[in-house]
1. Using the Kirkwood formula on the Cα atoms of the stretch 2-85, what hydrodynamic radius do you get, in angstrom to one decimal?
2. Could you put 180, 229 in order, starting from the residue whose Cβ has the fewest other Cβ atoms within 10 Å?
3. What is the helix-to-structure angle for 26-41, meaning the angle in degrees between its Cα long axis and the longest Cα principal axis of the chain, kept from 0 to 90 and rounded to the nearest 10?
4. Computed from the mean reciprocal separation of all distinct C-alpha pairs, what Kirkwood hydrodynamic radius does the chain have, in Å?
5. Most exposed first by the Cβ proxy, i.e. fewest other Cβ within 10 Å, how do 176, 57 rank?
6. Compute the relative contact order of the stretch 81-213 as a whole-number percentage, counting only Cα pairs closer than 8 Å that sit 6 or more residues apart in sequence.
7. Provide the three semi-axes, in whole Å and in decreasing order, of the ellipsoid equivalent to the stretch 81-213 as defined by the square roots of 5 times the Cα gyration tensor eigenvalues.
8. For q values of 0.12, 0.13, 0.17 Å⁻¹, compute log₁₀ I(q)/I(0) with the Debye formula on a Cα-only model of the stretch 14-153, without solvent.
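Every number here is computed from the coordinates shown, using simple stated rules; none is lab data. Note that the coordinates shown come from a computational prediction; the quantities given were computed from them, not determined experimentally. A quick note on method: Cβ atoms are made from the backbone with ideal geometry, for glycine too, and the neighbour counts reach across all protein chains shown.
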């Protein structure tokens with residue numbers, strides 16, 4: 001019976017919800033989950049992929065697909081996303097987040113709660129958004145961040161994105177916390193840049209958590225460590241640090 005389960009797993013596969021830890025890349029998550037599944041099912045090879053990249057400085061939901069379920073990756077990627085994001089006003093960074101240090105400072109004392117609400121309302125709907133230069137956007141066969149980290153100036157074309165909902169959760173100057181529901185292809189770091197400009201200041205992302213992809217919620221996800229424990233890999237000597 002166990003042998004049949006092992007043989008059929010690559011064909012059926014599964015959809016796995018992971019709550020990504022801070023500093024992990026999405027590829028780290030794929031690699032760890034793949035190792036766990038291969039050990040569990042006695043496989044040397046297994047097709048595993050993820051639906052939507054999260055930056056290392058972000059946490060939250062990553063959908064992992066294995067076996068035949070990898071055919072669903074595109075539909076998951078096309079689904080709307082929900083994030084909880086914290087933005088700091090008064091300073092910009094080249095990466096639009098904490099990957100790089102503050103390069104310019106701006107006044108923010110003039111910004112009121114009403115001003116923030118008004119700007120958020122103006123952002124709702126379709127927008128042309130220029131991706132961050134510190135991104136995985138493809139440019140002439142290379143990732144944009146490869147140019148940016150070498151200090152080379154590049155120009156990226158805007159993407160058409162849509163903000164379905166922008167809700168102000170908290171405003172404690174210089175910090176804004178916002179719940180965002182948006183379309184695929186949206187860069188939340190670029191939104192931080194644009195919100196700073198719209199408020200006659202500068203801004204950068206300090207925290208980001210993806211809470212939903214389509215119908216999948218992070219409340220139903222496991223961390224990689226929890227996933228490893230649930231599948232019983234400790235009994236086989238597997239370590240999440242491998």
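1. Computed over Cα pairs of the stretch 2-85, the Kirkwood hydrodynamic radius comes out at 13.4 Å.
2. Values: 180 22, 229 13.
So the residues, fewest neighbours to most, are 229, 180.
3. Helix 26-41 and the main axis of the chain meet at about 10 degrees.
4. Result for the chain stands at 19.4 Å.
5. Working: 176 26, 57 16.
Going from sparsest to densest Cβ surroundings: 57, 176.
6. Values: 280 pairs, mean separation 57.8, N = 133.
Contact order relative to length: 43 percent.
7. Details: eigenvalues 111, 65, 31 Å².
Ellipsoid half-lengths, sorted descending, are 24, 18, 12 Å.
8. Result of the Debye calculation: -0.69, -0.79, -1.16.
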